[in-house]
Amino acid sequence: MPQDTPDLATFIEGVRKRNPGQDEFVQAVEDVAQDILPFVADHPEYHEAEILRRIAEPDRIVSFRVCWEDDDGNVRVERGWRVQNNNAVGPYKGGLRFSRSVTESVLKFLAFEQTFKNSLTGLPMGGAKGGSNFNPKGKSDREVMRFCQSFMAELYRHIGPDTDVPAGDIGVGPREIGYLFGQYKKLTGRWEGVLTGKASEYGGSKLRTEATGYGVVYFLREMLKAEDEGLEGKSAVVSGSGNVALHAAEKLIAEGAKVLTLSDSDGFIHDKNGIDEEKLDWVKSLKLKKRGRISDYADKFDAEFHQGEAPWQVDCDIALPCATQNELDEKGAKALLDNDVLAVVEGANMPSTAKASQAFRRAGILFGPAKAANAGGVAVSGLEMSQNSERVSWEHEKLDRMLTELMQDIHGKCVEEGVGEDGHVDYVRGANIAGFRKVADAMLAFGVV
Ligand code: NDP
C-alpha cells in the first residue's frame, strides 16, 4: 500500500539528508514542493508513482576535471559539471554557467528549475544545467578559448542535438559559445545544433540575445493587463547589467516605463532622471563589450553609485531582479512592500530568497516567478533548435511574435492553475503546478524507469 503524501517538513528533511550541504538545491525543491505536495494529495496517481521525488533526483550528474594553461604557462585545474535533471518531455536543455560561485548545489537547483520552466514553454525540452567554477573575469580571450576547448573535450561525450543541448548563462556569452561550438565541431566532425545562443553567422537564431529580457517584460505586461494596468509612466528598479537586465530595461523603456537603476557585483547605480535609450546603449557597450564596471555610469551621467548594495530600497512601482540567485532578501522585500511596489517579476533564476518570496505571496502583490517569467530565453533556444533542424532562419519580427505568444501562453497557464476562489492569481503556485503536470504525465506514461 503506498504511503500517504508526506507533509512538507518531512519531505524536505528527506531531500536535505540525501543532499547534504546543498542549500540552493534544497531551497529550489522546497519552493516547488510547497505547492506540489497539496496538489498530489488530490491526484494519487502522481503520488503513488513518486513523481516529485523522482524529479528531485537528477537523472545523472557528470563531473569532470578541466585543465588549461594560462598566459604565463601555469597549469590550472577547475571542475566542470553537467547536471541532466529530467528528459521526460524532450532532450535535456539548459545553460552553462562559468563563475567562481558555481557549485554542484547551484547547478542542481538550476537544472531542477529548468525542468519546470522548459515544460511551461510547451516545447519538447527536458531540464539540465552545467558549468564550471572557472572565473572568466580578468582572463584574456586566449585563456577563455583554451578553457572552453578543454571543457568541451570532455562535455562533447555527453551532449548531442537529440540528447542534451546546452546554451549560455552567467559568464557564458557569444564568445564562449563560439569557442565551445568550434571545439565540438572539431572533435566530432559534425555541424549540428548541439548548442544554442550561437552567433547568426553559424546557425544562431535572431532574437535569442534579447529573448529572456524581452520575455520578462512581455510576461509582466500580461500580469498588468489582467489588472487593467499598463507600463506607461511606471517607475522600475532593475538589478544586474548583463544580458537579461539590459534587454529587460530596453523593453521597459520602449514600453514607456522609467528605469531608475542597474547593478553589478560591485553595487548599483541610481539615475533619478531615468535611464534612456542612449544611456542604455552606453551601458551595453560598457558591460557586454568592454566588460567594464557599472560604477562608471555614475561618473558619466551624474548618477548615484551605492557600493556593495542592492537597489531594493529605491521607491518604485515595478522591481525586476535580473542578476543572480538570492539577491533579493527579506529586508529587500520589506523595503519594496513598504514602498507599495505593484509587481515583482524575476528575471534571474531564484533571485528571491525563500523568505522574500513568501513575503510577496503573503502580501498578494503581483509576483512573477522566474520559471515562468524568464522562460522566453529557453523558448527562443527551442526555436533555434527547430531552425537548425530545418536548415532555415526566421526573421526577427516573426520570432518576436512567437515569443510574445509564448509568454502569453505561459501567463495563461499560470492563471489557470494559480487562480484562487477569490479571483487572486498566485503565479508561483500556477507555474509550479502547470510545469509539473506535463512532466508528470509523461513520466506516468513511461512507467517506473
Ligand atoms: P550575465 O553574466 O550576462 O549578467 C549577470 C549580471 O549579474 C551581471 O551584471 C553581474 O555583475 C551580476 N551579478 C552576478 N553575480 C552577482 C552578485 N553576486 N551580486 C550582484 N550582481 C551580480 O548573466 P545573464 O544576464 O545571462 O543572467 C542573469 C540571470 O538570469 C541568472 O540568474 C541566469 O541564470 C538567469 N537567466 C539567464 C538567461 C539568459 O538567456 N541569459 C535565461 C534565463 C535565466 P558583474 O558584471 O559584476 O559580474
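Computed from the coordinates by the stated procedures, all read-outs in this text should not be read as laboratory data. Being a predicted model, the structure only gives us computed values, none of them experimental. Note that we place each Cβ from the backbone using ideal geometry, even for glycine, and neighbour counts take in every protein chain shown.
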* Structure fact -> Phi-derived 3J(HN,Hα) across segment 433-446 with the Karplus relation (6.51, -1.76, 1.60, θ = phi - 60°), rounded Hz, x for Gly and Pro, is 6, 5, x, 5, 4, 5, 4, 4, 5, 5, 5, 4, 5, 7
* Structure fact -> If amide H atoms are modeled at 1.01 Å from N in the peptide plane, then the residues at a separation of 5 or more from L366, or on another chain, having amide H under 5 Å from its own are V344
* Determine the dipole magnitude for segment 214-333: charges of +1 sit on the beta-carbon of Lys and Arg, -1 on that of Asp and Glu, nothing else is charged, the reference point is the Cα centre, and the result goes in debye to the nearest 20. => 520 debye
* Cross-link pairs beyond the 22 Å C-alpha cut-off, checked among K413/K438; K17/K108; K185/K371; K251/K398; K93/K117 -> K185/K371
* Structure fact -> Per its Cα gyration tensor (rounded if a/c is under 1.5, else prolate when a/b beats b/c, else oblate), segment 321-449 is best filed as prolate
* To do: Output the antiparallel fraction of DSSP beta bridges having both residues in the chain, as a percent to the nearest 5.
  => 55 percent
* Asked: Rounded, prolate or oblate: which fits segment 21-64, taking a ≥ b ≥ c as square roots of the Cα gyration tensor eigenvalues, rounded meaning a/c under 1.5, else prolate when a/b beats b/c?
  -> oblate
* Please list 260-268, 59-67 highest first by mean number of surrounding beta-carbon atoms within 10 Å per residue. => 260-268, 59-67
* Structure fact -> Within segment 60-192, the percent of DSSP beta bridges that are antiparallel, given to the nearest 5, stands at 70 percent
* Rg/Rh ratio calculated on Cα atoms of segment 197-293 (Kirkwood radius) -> 1.00
* Asked: Out of K289, K185, K234, any idea which swings most in a Gaussian network model of the chain, alpha carbons joined below 10 Å?
  -> K289
* Asked: Order of W312, W191 from fewest to most other C-beta atoms within 10 Å?
  -> W191, W312
* **Ranked F181, F301, F112, criterion: other C-beta atoms within 10 Å, fewest first** => F301, F181, F112
* Structure fact -> Any residue on another chain or 5+ positions along whose placed amide H is under 5 Å from the amide H of F134 is listed here as R79, S99
* Mind checking which lysines have their C-alpha under 19 Å from K139, skipping anything on the same chain fewer than 8 residues away? -> K287, K289, K290
* For segment 410-425, what does the Karplus curve 6.51 cos²θ - 1.76 cosθ + 1.60, with θ = phi - 60°, yield as ³J(HN,Hα) per residue in whole Hz, taken in order and with x for Gly and Pro? -> 4, 4, x, 5, 5, 5, 4, 8, x, 7, x, 4, 7, x, 6, 9
* **Along principal axes, Cα extents of segment 209-368, largest first, whole Å** => 41, 29, 27
* To do: Would you mind calculating the relative contact order of segment 306-449 from Cα pairs under 8 angstrom and at least 6 residues apart, reporting the percent as a whole number?
  => 17 percent
* Structure fact -> So for the chain, using the alpha carbon gyration tensor with a ≥ b ≥ c as root eigenvalues (a/c under 1.5 gives rounded; past that, a/b versus b/c decides prolate or oblate), I'd call it rounded
* **Top of F367, F11, F436 by mean-square fluctuation, Gaussian network on the chain, Cα under 10 Å** => F11
* Structure fact -> Whole-Å distance linking the alpha carbon centroid of segment 219-248 with that of segment 23-45 is 28 Å
* With a bin width of 10 angstrom, please list the P(r) values of segment 149-198 as percents of all Cα-Cα pairs, from the 0 bin to the one holding the largest distance. => 27, 65, 8
* **Amide hydrogen neighbours beyond the local backbone of V238, cut-off 5 Å, H modeled** => L260, T261, L320
* Structure fact -> So, relative contact order of the chain in percent, Cα under 8 Å, 6 or more apart, is 15 percent
* How big is Rg to Rh over segment 60-192, alpha-carbon atoms, Rh as the Kirkwood inverse-mean-distance radius? -> 0.97
* **Inter-centroid distance (Cα atoms) of segment 114-174 relative to segment 341-402, Å** => 18 Å
* Report ³J(HN,Hα) in whole Hz for each residue of segment 241-251, in order, from the Karplus equation J = 6.51 cos²θ - 1.76 cosθ + 1.60 where θ = phi - 60°; Gly and Pro get x. => 8, x, 3, 5, 4, 6, 7, 5, 4, 4, 6
* Using a Gaussian network for the chain with springs between C-alpha atoms less than 10 Å apart, which of these wobbles most: D71, D340, D426? -> D71
* Ranking of W81, W68 by count of other Cβ atoms within 10 Å, fewest first -> W68, W81
